[in-house]
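Some notes on the structure that comes next.
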Amino acid sequence: MARIVLFGATGFTGRLTAEALTRRGARPLLAGRDQARLTALADSLGGDPPIAVADVGRPESVRALVAPGDVLISTVGPFTRWGEAAVAAATEAGAVYLDSTGEPTFIKRIFQRYGPAAATRGAALITAFGYDYVPGNLAAALALRKAGADAVRVDVGYFVGGDMARRASAGTRASMLGMLLEPMYGFREGRIVPEHGRTRRFLVDGRPRHGLSIGATEHFTLPPAHPGLREVNVYLGWLGGLTKVAGVLARATPVIAALPGARRVTEALADRVLRTGGGAAAPAAGVSGVSSRIVAEAYDARGRRLSAVHLSGGDPYEFTAGVLAWAAITALAEGVRGTGALGPVDAFGLDALTRGCATAGLTVREPA
């Protein structure tokens, strides 16, 4: 019998995803490094879900989790360092793979390196299937559908309200440290290009919000579906008034990354964050005090805005858990559309994805 396998189940995002799956009636195989923590998680969920010990340091243990027809969810980050074992296992088995990464380097690796191999094995790799970057794919696809054939550019912005700094998990903090020295990218003139510190202003709920450019799945998923697109930009607006300063620092990243030992320092800091934990403790659903807004705007060749779509949601972690659970259950029951590296719309279709995101608390709003 095909099943849902949740690898990294005892981590922060993994636990939220396990709870979301259980609430939806699924009985996933819970996998991770620590049997005692897995047992405690299984007991807390009820229903006696199965558990399995697996570690990225022993890739064969990860491969043993997955069989043809399975859906593997990986929440094991930082993904650039530890994510490959799960991708390889899903590819070898011809399974459906989902993950919760937001790391640009890992996303690029999935589309450019692992996607072709997965296609030959009948596997489907759907990376960054959470708040990073499902909402932007949805908003952009809706905006482009409204804009029609004249659209040549789409800009996406991600914004949060509330104290996201306190809400961030140790895994998120470690991933962000790992991203500091990684090269960013955008999509311009019909191709993936290096990106360093671009910023722009959006109008969100009637007030200006600034975002910093970041590499995302939208750069890979939107152009094939919309051949007229020549430019895709994605911005994170979590830094508020510090966005412009962060843009200046981002432009210095290539120089800093070339310094001897720079990457070892960031890896050591990330390891310390993971060891000491801290940050997010999981609150009851819907009470974290953090909300999210996502904006997509489509433009024509003269720079005239053709359409805009705004999405409104709650806590990004709760959304990630909910949408991962929806996707895994849907993929297990109905399959996905295609093989290789897929975007959210590619895998499920725009209308189904809209409904799935709604079940995870994300709604389409008219721009203010």
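Which residues, counting only those in the stretch 297-310, are buried (at least 22 other Cβ atoms within 10 Å of the Cβ) and in contact with a Leu (Cβ under 7 Å, 6 or more places away or on another chain)? Those that are buried (at least 22 other Cβ atoms within 10 Å of the Cβ) and in contact with a Leu (Cβ under 7 Å, 6 or more places away or on another chain): Ala298, Val309.
Looking only at the stretch 6-33, which residues are open to solvent by 60 Å² or more (accessible area, probe 1.4 Å) and more than 20 Å from Asp315 (Cα to Cα)? If the condition is that a residue be open to solvent by 60 Å² or more (accessible area, probe 1.4 Å) and more than 20 Å from Asp315 (Cα to Cα), then Gly25, Arg27, Arg33 are the ones that fit.
Summed over the stretch 283-296, the residues that are open to solvent by 10 Å² or more (accessible area, probe 1.4 Å) and modelled with pLDDT of 95 or more give a count of 1. Of the helices (runs of 4 or more DSSP H) that lie entirely inside the stretch 38-111, those containing 2 or more residues that are within 21 Å of Ala328 (Cβ to Cβ) and in contact with a strand residue (DSSP E or B) (Cβ under 6 Å, 6 or more places away or on another chain) span 84-93. Looking across Gly247, Gly261, Gly190, one residue alone is open to solvent by less than 70 Å² (accessible area, probe 1.4 Å), among the small types (Gly, Ala, Ser) and modelled with pLDDT of 90 or more. It is Gly190.
Can you pull out the residues in the stretch 335-354 that are touching a helix residue (DSSP H, G or I) at 6+ places or on another chain (Cβ under 9 Å), assigned to a helix (DSSP H, G or I) and either more than 16 Å from Gly94 (Cβ to Cβ) or open to solvent by 30 Å² or more (accessible area, probe 1.4 Å) (or both)? Those that are touching a helix residue (DSSP H, G or I) at 6+ places or on another chain (Cβ under 9 Å), assigned to a helix (DSSP H, G or I) and either more than 16 Å from Gly94 (Cβ to Cβ) or open to solvent by 30 Å² or more (accessible area, probe 1.4 Å) (or both): Pro344, Val345, Asp346, Phe348, Leu350, Ala352, Leu353, Thr354.
In the stretch 112-126, what residues are assigned to a helix (DSSP H, G or I), surrounded by fewer than 24 Cβ atoms within 10 Å (Cβ to Cβ) and among the small types (Gly, Ala, Ser)? Hits for the stretch 112-126 are Gly115, Ala117, Ala119. Kindly indicate whether any position in the stretch 212-229 is in contact with a Ser or Thr (Cβ under 6 Å, 6 or more places away or on another chain), crowded, with 18+ Cβ neighbours inside 10 Å and either at pLDDT 90 or above or in a helix (DSSP H, G or I) (or both). The answer is no; no qualifying residue exists. What single numbered condition from (1) modelled with pLDDT of 95 or more; (2) open to solvent by less than 20 Å² (accessible area, probe 1.4 Å); (3) outside any loop (DSSP other than H, G, I, E, B) fails to hold for Ala174? That leaves (1) as the condition not met.
On the given criteria, is Ala86 closer than 20 Å to Leu324 by Cα and crowded, with 16+ Cβ neighbours inside 10 Å? Steps first, answer last, please.
Numbers: closer than 20 Å to Leu324 by Cα: yes; crowded, with 16+ Cβ neighbours inside 10 Å: yes.
Judged against the criteria, Ala86 is a match.
The values are calculated or read from the model by the stated rules, or taken from the named source; none is laboratory data. Since the model is a prediction, treat every value here as computed from it, not as a measurement. Backbone-built Cβ (ideal geometry, glycine too); neighbour counts: all protein chains shown. Accessible surface is based on the protein model in full, side chains and every heavy atom, while ligands, DNA and RNA are left aside. Shrake-Rupley method; radii C 1.70, N 1.55, O 1.52, S 1.80 Å.
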